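Please read the structure below before turning to the comments.
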Amino acid sequence: MNLTQKIIAEHLVSGDTKTGEEIAIRIDQTLTQDSTGTMAYLQFEAMNIPKVKTKRSVAYIDHNMLQAGFENADDHKYIQTVTSKHGIYFSRPGNGICHQVQLERFGEPGMTLLGSDSHTPTGGGIGMLAIGAGGLDVAVAMGGGPYYLIMPKVCRITLQGKLQPWVTAKDIILEVLRRLSVKGGVGKVMEYAGPGVASLSVPERATITNMGAELGATTSIFPSDEVTKAFLTAQGRADAWRELKADQDAIYDEEVLIDLDQLEPLVAQPHSPDKVCKVSEIAGLKVDQVAIGSCTNASFADLMKVAAILRGKKVHPNVSLVIAPGSKQVLTMMAQNGALSDIVASGARILEAACGPCIGMGQAPASNAVSLRTFNRNFEGRSGTVSAQVYLVSPEVAAVSAIKGVLTDPRTYGAAPCVDQPQQFLNNDNMIVAPAKAGEEPEVVFGPNITPFPVNHALPDTVSGKTLIKVTDNITTDHIMPSNAKLLPYRSNVPYLAEFCLTPCDPEFPAKAKANGGGFIIAGSNYGQGSSREHAALAPLQLGVKAVIAKSFARIHMANLLNNGILALTFADESDYDKIEAGDELFIENAHQQIEHVGKGQPIWVKNETKRTKFAVKADYSPRQISIVLAGGLLNYTKKHNGK
């Protein structure tokens, strides 16, 4: 067996582990962050379950950190009280980014982790089966329910050789993205193996598994070996370690071979993580802003290398350099060893240990600015400035370029910094609040910005409406539900957010949807890539969207649509996409019967009343998903089955 199969086998609740079949697995740990957490806990409370049933559930505050009004602070108070009541640990604002802290303090090899954030696969860096999902799926897992997924293919990525000076783990995952694209991991787990694995530290492995989300992969995973043991021991958690590796004769569905010796510094150009080229090919590009941090590259090792590069140097006067440590642990250790002073003395600005600029929460670049970022996504407008040109690079490339003022191949700069992993990390968990003891549970505090989330109705037998919008390939959840600093405070207020749904594609979309009583969305391939934000399904539901017909979907977004009772359909013949226009009236008649038969391989027929034509669509639903859609979503389905 390969490593993925072993962990799934240990956690299998139901289903056949044959590729393409639906399975259900037991979840050991969950995590939420405040951008998605409020909704997840509202949904959890709707299930009337007094205490979580996982081995460990943690709520993090790391996204909505700008308190320009009462909204974010109210949400934080709600999350702190609701988690205390229900047995969930609470990581306070300033303690760090969820994936960094989870890796440091809670993750355990061989466990399953489900998180309401698409970069939850970061945990694969220590051998966890860590999967990003929508908030409702996480709520169900906290209640003791299994997580359902389609048994993925397993792709072995064999690493051989060793990274050369100035070449990093960031360059490994950028190379994978260059080869496979943002759609290349859909329906797959990327399992790393080969002799090159042993040369990579846990933070380096976590960088790679983190950005596996950009491949569209279900998750990514490394073996748990002596390197993992050393990391957990240094974190004071040696008892959490266990060895995990694939069998020598393990079988894989696909294989990719990467020679680490041959890699050189890479960069992802605007506006996609897979638009990758060599830094040397575009070196000299004038840089306006450099941002170092995020859940991808804000570890102690990452920032110690940055500090070594900046020591005794000065940030170029035309460059704004901002640095956000990944956790309080990282920030404190750097303050104690003097590295933080080196960074500050160079002219860099220090941000909170939080997501910050990565999710558009502050530090938006100037108009038309070039921004180098060590983050995981560079979608258009995600930075907060639509005209900005965002490039993704390693911390080493970012730091050298900040000094030079232009994009620079660091191999031309001098000797590469070398940083050893500490024998012991500083462990101070005083910003992690344990849940209340039995009998001491607090009252849950609701701020005025927290509104009830929309719940769908059972599917009608005729699904009809206008084509409200037609969009192209690779539409992200940032397009569907923008998540900038102005909108993030309203993540617990879906009616307000819905007024901005799909406005980057069509500013009039919300008005059209309301005027027509909802309708259909027509999309190209990989619709809904990017963030796991459930709001990209909740906002369309609020506006009455009945179905999305696309060439293909990103995994998490498709699950979120179905969980909220919105039909997610794919063209049987992709050429039919070209035959539909915005404004066309579409009908699905005998919807119940047609959907019940998709499990038998039958298509669903859609009438285009405007064009006087019809076309076939597919719905690759499991029997359980068919029942969920007919019930009008997962909450209705759960209530119908008495909470089971």
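Being among the β-branched types (V, I, T), out of contact with any strand residue (DSSP E or B) (no Cβ under 9 Å at 6 or more places or on another chain) and either within 30 Å of N64 (Cβ to Cβ) or free of Cβ contacts under 8 Å to residues at least 24 places away in the same chain (or both) narrows it down to one of I343, I359, I323, I292, so name that one.
Of the residues listed, the single one that is among the β-branched types (V, I, T), out of contact with any strand residue (DSSP E or B) (no Cβ under 9 Å at 6 or more places or on another chain) and either within 30 Å of N64 (Cβ to Cβ) or free of Cβ contacts under 8 Å to residues at least 24 places away in the same chain (or both) is I359.
Just a yes or no: is a residue in segment 105-119 β-branched (V, I, T) and either surrounded by fewer than 24 Cβ atoms within 10 Å (Cβ to Cβ) or in a helix (DSSP H, G or I) (or both)?
Our first condition is that a residue be β-branched (V, I, T); within segment 105-119, this holds for 112.
In the following step, the residues that additionally are either surrounded by fewer than 24 Cβ atoms within 10 Å (Cβ to Cβ) or in a helix (DSSP H, G or I) (or both) were identified as none.
The answer is no; no qualifying residue exists.
If you check T228, T207, T233, which single one turns out to be in contact with a Pro (Cβ under 9 Å, 6 or more places away or on another chain), assigned by TED's automatic domain parsing to the domain that holds S57 and of a type in the set (V, I, T)? Write out each step before concluding.
Working: T207 fails: in contact with a Pro (Cβ under 9 Å, 6 or more places away or on another chain); T233 fails: in contact with a Pro (Cβ under 9 Å, 6 or more places away or on another chain).
On inspection, the qualifying residue turns out to be T228.
Name the strands (runs of 3 or more DSSP E) wholly inside segment 12-70 in which the number of residues that are buried (at least 24 other Cβ atoms within 10 Å of the Cβ) and touching a strand residue (DSSP E or B) at 6+ places or on another chain (Cβ under 7 Å) is 3 or more.
Answer list for segment 12-70: 29-33, 56-60.
What strands (runs of 3 or more DSSP E) lie completely within segment 536-644 and have 1 or more residues being aromatic (F, W, Y)?
Of the strands (runs of 3 or more DSSP E) lying wholly inside segment 536-644, those with at least 1 residues that are aromatic (F, W, Y) span 567-571, 585-588, 604-608, 613-618.
Are any of the residues in segment 112-133 more than 19 Å from M190 (Cβ to Cβ) and over 13 Å from the mean Cα position of the chain (by Cα)?
No, there is no match, as no residue in segment 112-133 is more than 19 Å from M190 (Cβ to Cβ) and over 13 Å from the mean Cα position of the chain (by Cα).
Return only the number of the condition from (1) farther than 22 Å from N430 by Cβ; (2) of a type outside the set (A, V, I, L, M, F, W, C); (3) under 20 Å from the mean Cα position of the chain (by Cα); (4) modelled with pLDDT of 95 or more that G96 does not satisfy.
(1)
Taking the condition surrounded by fewer than 24 Cβ atoms within 10 Å (Cβ to Cβ) and outside the structural domain of D117 (by TED's automatic domain parsing), does Q329 pass?
no
Please work out if K305 is more than 22 Å from D62 (Cα to Cα), touching a strand residue (DSSP E or B) at 6+ places or on another chain (Cβ under 8 Å), of a type in the set (K, R) and not assigned by TED's automatic domain parsing to the domain that holds K153.
Details: more than 22 Å from D62 (Cα to Cα): yes; touching a strand residue (DSSP E or B) at 6+ places or on another chain (Cβ under 8 Å): no; of a type in the set (K, R): yes; not assigned by TED's automatic domain parsing to the domain that holds K153: yes.
It is false that K305 is more than 22 Å from D62 (Cα to Cα), touching a strand residue (DSSP E or B) at 6+ places or on another chain (Cβ under 8 Å), of a type in the set (K, R) and not assigned by TED's automatic domain parsing to the domain that holds K153.
Looking at (1) of a type outside the set (K, R); (2) surrounded by fewer than 20 Cβ atoms within 10 Å (Cβ to Cβ); (3) under 21 Å from the mean Cα position of the chain (by Cα), which is the one condition that is false for V390?
Here V390 clears every test but (2).
Regarding segment 422-444, can at least one residue be identified that is among the aromatic types (F, W, Y) and over 24 Å from H63 (Cα atoms)?
Yes, because at least one residue in segment 422-444 is among the aromatic types (F, W, Y) and over 24 Å from H63 (Cα atoms).
Can you find even one residue in segment 73-95 that is touching a strand residue (DSSP E or B) at 6+ places or on another chain (Cβ under 9 Å), surrounded by 24 or more Cβ atoms within 10 Å (Cβ to Cβ) and either in the same structural domain as G633 (by TED's automatic domain parsing) or not β-branched (V, I, T) (or both)?
Yes, segment 73-95 contains a residue that is touching a strand residue (DSSP E or B) at 6+ places or on another chain (Cβ under 9 Å), surrounded by 24 or more Cβ atoms within 10 Å (Cβ to Cβ) and either in the same structural domain as G633 (by TED's automatic domain parsing) or not β-branched (V, I, T) (or both).
Hey, can you tell me all the residues within segment 241-270 that are surrounded by fewer than 18 Cβ atoms within 10 Å (Cβ to Cβ) and part of a helix (DSSP H, G or I)?
Within segment 241-270, D261, Q262 meet the criteria.
Somewhere in segment 38-54, is a residue free of Cβ contacts under 8 Å to residues at least 12 places away in the same chain and over 21 Å from the mean Cα position of the chain (by Cα)?
The answer is no; no qualifying residue exists.
For residues that are assigned to a strand (DSSP E or B) and of a type in the set (V, I, T), scanning just segment 312-326, find the one that is surrounded by the fewest Cβ atoms within 10 Å (Cβ to Cβ).
Here the residue is V322.
The values are calculated or read from the model by the stated rules, or taken from the named source; none is laboratory data. Given the structure is predicted, the values throughout are model-derived calculations rather than measurements. So basically every Cβ, Gly included, is an ideal-geometry build from the backbone, and we count neighbours across all protein chains shown.
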